[in-house]
Amino acid sequence: MMKKENVNIAILASGSGTNAENIIRYFKQHDTIKISLVISNKQDAYVLQRAANLQVDAITISAKEWKDEKMVTAILDKYKIDFLVLAGYLLLIPAWLVKRYADNILNIHPALLPAYGGKGMYGDHVHKAVIEAGEKESGITIHYVNEHFDQGDAIFQAKCPVFSADTPKTLATRIHALEYRHFPEVIEKVILGD
């Protein structure tokens with residue numbers, strides 16, 4: 001990513017938005033990086049409320065509306081968006097958007113890719129698969145986004161143990177801790193070119 005005076009980020013999220021809130025708080029007083037917009041594909045996603053609570057504009061763009069390149073581009077241009085961050089976003093990013101923001105879209109995945117990635121592999125589905133496979137460790141992968149689910153180049157991974165008594169919920173707690181600790185820092189490093 002080219003260094004810029006000011007970088008405006010849009011966070012895309014489909015659910016509760018704990019990662020989005022963590023990222024917004026991390027960059028709240030940042031000199032050059034600003035979270036300018038939160039986008040969800042679901043009107044009832046709690047992430048929209050989290051954004052409002054933190055004084056960040058939030059909108060819904062449905063799966064159907066993402067196909068309207070002109071409309072979406074107008075929204076992104078209005079907010080001068082330079083960079084996209086996927087934080088629990090469940091839709092495949094359209095090819096035109098990947099092209100427009102080449103190497104400027106990051107995603108976080110709750111497993112050690114390339115294992116346990118792809119369509120339908122999100123949240124507890126991932127943790128359940130990891131536990132059922134008898135894995136001894138899991139973790140997070142932060143990667144660039146391309147036209148395929150979870151196949152962009154990995155930038156960063158962090159690991160945690162999987163215990164024999166784990167449930168998807170207990171494993172998720174350790175995964176979330178890794179996400180909150182590392183995702184904002186990795187975003188910052190990628191943008192600032194550190």
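The values are calculated or read from the model by the stated rules, or taken from the named source; none is laboratory data. Bear in mind the structure is a predicted one, so any value in this text is a computation, not a measurement. Cβ: placed from backbone, ideal geometry, glycine included. Neighbour counts: every protein chain shown. Note: accessible area is taken over every heavy atom of the protein model, side chains too, but ligands, DNA and RNA are not part of it. Shrake-Rupley method; radii C 1.70, N 1.55, O 1.52, S 1.80 Å.
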Those residues of the range 103-143 which are open to solvent by less than 60 Å² (accessible area, probe 1.4 Å), part of a strand (DSSP E or B) and without any contact (Cβ under 8 Å) to a residue 60 or more places away in the chain amount to Ile105, Asn107, His109, Ser138, Gly139, Ile140, Thr141, Ile142, His143
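Kindly indicate whether Ile23 is surrounded by 18 or more Cβ atoms within 10 Å (Cβ to Cβ) and among the hydrophobic types (A, V, I, L, M, F, W, C).
Working: surrounded by 18 or more Cβ atoms within 10 Å (Cβ to Cβ): yes; among the hydrophobic types (A, V, I, L, M, F, W, C): yes.
In short, yes.
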Long-range neighbours under 8 Å by Cβ, at least six apart or interchain, first residue under 22 Å from Glu21 (Cβ atoms) within the range 55-80, second at pLDDT 95 or above and of a type in the set (D, E, K, R): Thr60/Lys42; Tyr79/Asp57
I want to confirm something. Restricting to the range 19-36 and keeping residues that are among the aliphatic types (A, V, I, L, M) and in a helix (DSSP H, G or I), which single residue is farthest from Leu48 (Cα to Cα)? Ile23
Any hit, the range 27-50, residues being acidic (Asp, Glu), surrounded by 14 or more Cβ atoms within 10 Å (Cβ to Cβ) and free of Cβ contacts under 8 Å to residues at least 40 places away in the same chain: no
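Please enumerate the residues belonging to the range 37-56 that are in a loop (DSSP other than H, G, I, E, B) and touching a helix residue (DSSP H, G or I) at 6+ places or on another chain (Cβ under 7 Å).
Listed by number, the residues that qualify are Leu54, Val56.
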Restricting the search to the range 1-20, which residues are farther than 23 Å from Leu90 by Cβ and open to solvent by less than 10 Å² (accessible area, probe 1.4 Å)? Val7
Would you pick out the residues in the range 67-102 that are open to solvent by 10 Å² or more (accessible area, probe 1.4 Å), farther than 18 Å from Ile35 by Cα, outside any loop (DSSP other than H, G, I, E, B) and not acidic (Asp, Glu)? Lys67, Lys70, Met71, Ala95, Trp96, Val98, Lys99, Arg100
